[in-house]
Amino acid sequence: MRHMALVLLLTILIHQGCLHFHVEAGDGFIRARGVHFLLNGSPYYANGFNAYWLMYTASDPSQRSKVSAAFREAASHGLTVARTWAFSDGGYSPLQYSPGSYNEQMFKGLDFVIAEARRYGIKLILSLANNYDSFGGKKQYVNWARSRGQYLTSDDDFFRHPVVKGYYKNHIKARTVLYRYNSFTGIHYKDDPTIMAWELMNEPRCTSDPSGRTIQAWITEMASFVKSIDRNHLLEAGLEGFYGPSTPQRNRLNPGLKIGTDFIANNRIPGIDFATAHAYPDQWLSSSSDQSQLSFLNNWLDTHIQDAQNILRKPILIAEFGKSWKDPGFSTYQRDLVFNTVYYKIYSSAKRGGAAAGGLFWQLLTEGMGNFRDGYEIVLGQPSSTANVIAQQAHKLNQIRKIFLRMRNVERWKRARAARARRGRWQGGNKGKRIGN
């Protein structure tokens, strides 16, 4: 009965013109049209996971089975998208030793990740830099510039200084990430539909400029730069979703953080194809009760989905969420409540043709990865109620996709039948008439 009600709702939305389908070439790239993701002209929902460790682990051929196992377990639970790092700057076993100098072994690890994702039908979101010190981050870029005689006073000069911005652009362009030739697939990254999107930076923050102007200018410049090289792939900024000066009435929703980003202004930038938000009430409101955290989560999700729909007119991805077993009083039941809350908001929006396009939990691990445990990990190979919640959401979103596809095929059939009828009337009306002189 519930399935039939969903079919009826989607039929009404299509006939009212709320949902529009575009026939696309079957090239396998994810597109953004209005508030929807499309794959080959059909709606696409990104139910997936974060796994920052994929490239690092795959750089060691003896450990690649862990990457394969993670993708295999994810695909068996219906997951469609993985978000991971395409950076590791300086320090131990980096991707980028120094500006423009790369570690081929690490790049081959990323090649393998893309090839395995392709094998298991999983799309990738590849993040290009880190705000934080782990894996180098913006601090490493600034230190590289300092070591070459540049005077920089803050790690936030990553967003301002022309030399540092040049290092970042070089990481993106020729002979580096976007132009990388995959040693396993034989496809340049910028031409590979396995990659769903590029992410400019993981959680960019510029606390030295709470006005938001610095981050706004940086995203504007870098979005334009990436799009000048690669128009096949989607692009997003990596934002956590904090509101800023452009919507002062929304600032009360922020969890007391002023980090120099602006959810509305940043995502309105041309070249940014979809919005992102992260959701960590257990971190942001750590001294509050579970009930208060859930209340915050509900408001946070409702407002961002509403603003993506009505103001940005772009899809929104809940690109990180989770609950840590290290939290005081943790229970699997409480974690499942967080997952169910996020998933319900996404599903409720999606079934009405809204802007919520999916969610990526933090983080997926597989067996034998104890060193990567951070409290948020989910091991799908170990039966749990949370794994069931994840698989159920994948099934529900897939049902919506199938119904949309069926509706689109019906519309195509109706148009073809109408065209045949018009041709028949024209031919019948001209039967027996002289044509020409």
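The values are calculated or read from the model by the stated rules, or taken from the named source; none is laboratory data. Note that the structure is a prediction, hence the values are computed from the model and not measured. In this analysis, Cβ positions are derived from the backbone assuming ideal geometry, glycine residues included, and neighbour counts consider all displayed protein chains. Please note that ligands, DNA and RNA were not included when accessible areas were found on the heavy atoms of the full protein model with its side chains. Shrake-Rupley method; radii C 1.70, N 1.55, O 1.52, S 1.80 Å.
Can you sort R148, R180, R119 by 1.4 Å-probe accessible area, starting with the largest?
The ordering from most to least exposed comes out as R119, R148, R180.
Could you state how much accessible area Y243 has, in square angstrom rounded to the nearest 10, with a 1.4 Å probe and all protein chains kept in place?
Solvent-accessible area, nearest 10 Å²: 10 Å².
Using alpha carbon centroids, what distance separates region 111-179 and region 293-346, in Å?
28
Pairs K138/K165; K138/K173; K190/K227; K138/K326: which exceed 20 Å Cα-Cα? It would help to have the intermediate numbers written out before the result.
Values: K138/K165 10 Å; K138/K173 18 Å; K190/K227 11 Å; K138/K326 28 Å.
Exceeds cut-off: K138/K326.
According to a simple spin-label model (label point 7 Å from Cα along Cα-to-Cβ), what is the distance in nm between R33 and R373?
4.6
In square angstrom, rounded to the nearest 10, how much accessible surface does H395 have for a 1.4 Å probe?
110
May I ask you to derive the FRET efficiency for T153 and E221 from their Cβ-Cβ distance with R0 = 22 Å, giving the value to the nearest 0.05? Each step should come with its number before you reach the end.
On the way: r = 21 Å, r/R0 = 0.94.
My answer for the efficiency is 0.60.
Determine the gain in length on full extension of the stretch A391-N40; use 0.36 nm per residue of separation and subtract their C-alpha separation, reporting nm with one decimal.
Values: separation 351, 0.36 × 351 = 126.36 nm, distance 2.41 nm.
So the chain would gain 123.9 nm between A391 and N40.
Sorting I316, I229 by accessible area (1.4 Å probe), largest first, what list results?
On the way: I316 0, I229 35 Å².
Largest to smallest exposure gives the sequence I229, I316.
Using a 1.4 Å probe and counting only protein heavy atoms, arrange K314, K396, K258 so the residue with the most accessible area comes first.
From most exposed to least exposed: K258, K396, K314.
Taking amide hydrogens as modeled 1.01 Å from N in the peptide plane, which residues meet the under 5 Å criterion relative to I195, leaving out close sequence neighbours?
Correct list: L124.
Between N299 and Q249, what is 0.36 nm times their sequence separation minus the Cα-Cα distance? Round to one decimal in nm.
Extending this stretch completely gives an extra 16.6 nm.
How much of the accessible area of the chain, in percent, comes from carbon and sulfur atoms when a 1.4 Å probe is used?
Working: 9360 of 18580 Å².
That fraction is 50 percent.
Specify whether the C-alpha gyration tensor of region 163-215 places it in the rounded, prolate or oblate class, a ≥ b ≥ c being the square roots of the eigenvalues: rounded for a/c under 1.5, otherwise prolate if a/b is larger than b/c and oblate if not. Spell out each step's value before the answer.
Numbers: a/c = 4.28, a/b = 2.18, b/c = 1.97.
Prolate shape, in that a/c is at least 1.5 and a/b is the bigger ratio.
Under a point-charge model restricted to the Cβ atoms of Lys and Arg (+1) and Asp and Glu (-1), what is the dipole moment magnitude of the chain relative to its Cα centre, in debye to the nearest 20?
Details: 55 positive and 34 negative charges, 623 e Å.
Dipole magnitude for the chain comes out near 3000 debye.
Only four residue types carry charge here, +1 at the Cβ of Lys and Arg and -1 at the Cβ of Asp and Glu. Report the dipole size of region 326-368 about the Cα centre in Debye, rounded to the nearest 20.
It works out to roughly 260 debye.
Determine the per residue accessible area of the chain with all protein chains present and a 1.4 angstrom probe, expressed in square angstrom.
Values: 18580 Å² over 437 residues.
With the other protein chains kept in place, the chain gives 43 Å² per residue.
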